[in-house]
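Q: I am attaching a structure below and will ask some questions about it afterwards.
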Amino acid sequence: MTSSVATVIMKPRLRITPATVLYLLSLASSVVTIFMIVPLMGIPYSTWADLNRAVGEMLRIWGLLFGVVLAVSLLIVLLMSLANGRISSLHLHLSRLEFILALLFGANLFWTIEGSVMGAPAAYLIGDAFRCLVIPSIYWIVVHYVKTVEDALRFAKLVLWGETILMFILVPVGFIAFSFAGRTFLTTVFFTFLFEERRAASRVWYMLLLLFGIFAMLTTAAVRGIVIILVITIVLNYIYRIRNVRFSVVFFAFLFPAVVMIIANELFDLTLARDVETTSKRFEGAVQGGRKQFGLDESLFQRVGETIDVARTFSEHSPIFLVTGFGNGMLLDNRLITHSERGIYHTQKKHHIYIMPVAVLYHDGFIGLFLYGAIASYLVRILVKLRRHREILQAERKWVFIKVLVLYQIGVLLLSLIASWYIGSVVVAFTLPLIEILRNDMEKKIRESSETRQIETSGIGAA
C-alpha cells in the first residue's frame, strides 16, 4: 500500500555522513551567530538601518564560520577521492546540470581574478567568490555521499525539517531575514505538501505549518513580493499537480487555513488585522501615498535606480564588460540611491544590488546570466516533465518531494527578483543535488513505463 507524504517524512532513518554533518553545522553556525556572537559583540539592531547593518555583519560572521567548515569538507572529500584512486570517485561523468555547475565553478575563478585586477575591495571580493562557490562546492560534497534515492529522500527530510525548526527560532526574535531558506520557504513547501497530501490528518498538520508560514509572511518585511510569490506557487501547484484534485483538497488548501487563521487571531490576539492592513498599504503605496521618489515608493525606486545606474556604468565602459561583467567584489556608483539606503551605507558606493539578474549582469555579465538562467531552465523542464507524465508518477509519493524542492528553488529565484538571495544560499545548494538524484530516478521510471507499454502494445498487435 502506498505510504502518504507524512509517513515518508516522519521516518527519516538518516545516515550520518560528512554531507549531513556539513548541513547540521550550517544550521549550528546560524544559531551560534545570532544567539552567541551577536550579543557578545554588542551589534545594535534597534532601528531599521541598524537591523540591515546587523544582518550584513551576521552574514559575514556566518560566512567565516561556515566557510572554514566548507573548506575542510572539500579538502576531506578531495583527499578521500584521491586515496580511493578511482576516477569514478571524482564524479567526472557529468550530467547537464553538473556541466553547468562545472562551468560556474571555473567562471567564478575568472570573475575573482577580474575583480582583483579591477581593484575590488578585498572583503567584497572574497565574499562574492565564496557565495558563487557555495552551490557547486556543496553539490559535489552531497553527490559524493548521497548515492541512492532513499538517501536523497532522507536528506531532503533533514533539510526541510531543519529549516522549519530554524524558522520557528528566528521568527519570534525578528531575524527571519537571516534564514538562508528565505521568507518563501514555509508557504511554498507546506502548501505543496498540503496540496498533494491524501490523508486528512496529515493535511491538518501541513495546514498548521502553512498557517505559521503565512503568519511569518505577514509580520515581516518584503511582504508585498512574498504574497505575489505565494499566489504564483498556488497557480504552479495546480498547473503541475501530480494527482487529480478533489474538493476536499481544495477546501483544506484554500478555505480551511483562512478560517483557522481568523479563529486563532480572535483567540490569541495576533493583531493580524493590522498586519493585513499594512500589507494592503504596501501594495497601494507602490504607486500612491507614502514617501516617493519619481512617483515610486522607496523600495521600488531603489531597485529601479540601481538598474539605471548599472546600465549607465556599462555605457561608460567597453562593450566587453557586458559579456564578462566587472568581476567579483566590484562596487556600484549608485547615484540614484534612496534616502534610506544612504542612511545605511553613508555613501553612494555600494556592493549589494537587490535584483538578482541585474546584480549578476553587473558582476558576471551575460556569461553569468546564461549559467544561472540554465539552472532556472533545468528546474522548469522538470516541472514540465512531471506534468506530462503524472499518470505514471502519481502512484508513488516520493515524486512529491521533487516537486516540493523544485517549487522551492523557483520560489527563491522569484524572490531574487526582489532581493538577490539565490546565489550563496546553502539551502539551495543542499537541495539542488537531491533534485538531480530524484530527476534521474524519475527519468528511469518514465523509460521503464514507456518500454512496458511498447511491449504490451507489441503483444496485442501480435495476438
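Bear in mind that the values in this text are calculations on the coordinates, not laboratory data. None of these values were measured; they are calculated from a predicted model. Every residue, glycine among them, receives a Cβ derived from its backbone with ideal geometry; neighbour counts consider all protein chains shown.
Q: With r as the distance between the Cβ atoms of Ala200 and Phe370 and R0 = 60 Å, compute the FRET efficiency 1/(1 + (r/R0)^6) and round to 0.05.
A: On the way: r = 46 Å, r/R0 = 0.77.
The computed FRET efficiency comes out at 0.85.
Q: Another question, if that's okay. Give, in nm to one decimal, the length gained when the segment between Arg447 and Leu75 is fully stretched (0.36 nm per residue of separation minus the Cα-Cα distance). Could you put the intermediate results ahead of the total?
A: On the way: separation 372, 0.36 × 372 = 133.92 nm, distance 3.77 nm.
So the chain would gain 130.2 nm between Arg447 and Leu75.
Q: Please give the contour-minus-distance gain from Ile165 to Ser340: 0.36 nm per residue of separation, less the Cα-Cα distance, rounded to one decimal in nm. Please list the in-between numbers first.
A: Working: separation 175, 0.36 × 175 = 63.00 nm, distance 3.25 nm.
So the extension gain works out to 59.7 nm.
Q: For Val32 paired with Ala122, estimate the spin-label separation in nm (one decimal), with each label point 7 Å from Cα along the Cα-to-Cβ line.
A: 2.4 nm
Q: Within the P(r) computed for segment 349-463, what percentage of the Cα pairs occupies the region above 25 Å? Intermediate results must be reported in sequence, preceding the final value.
A: Values: 2529 of 6555 pairs.
Value for segment 349-463: 39 percent of Cα pairs lie more than 25 Å apart.
Q: Sort 176-188, 30-42 for me by packing, meaning the mean count of neighbouring Cβ atoms within 10 Å per residue, highest on top. Present the calculation step by step, with values, prior to reporting the outcome.
A: Numbers: 176-188: 24.4, 30-42: 14.4.
In decreasing order of mean packing, 176-188, 30-42 become 176-188, 30-42.
Q: Let me ask something additional. At q = 0.13, 0.19, 0.23 Å⁻¹, what is the base-10 log of I(q)/I(0) for segment 85-183 according to the Debye formula with one equal point scatterer per Cα and no solvent? Please give it to two decimals.
A: So the normalised log intensities work out to -0.71, -1.06, -1.13.
Q: Provide Rg and Dmax in Å for segment 101-250, with only Cα atoms included in the calculation.
A: 19.3, 61
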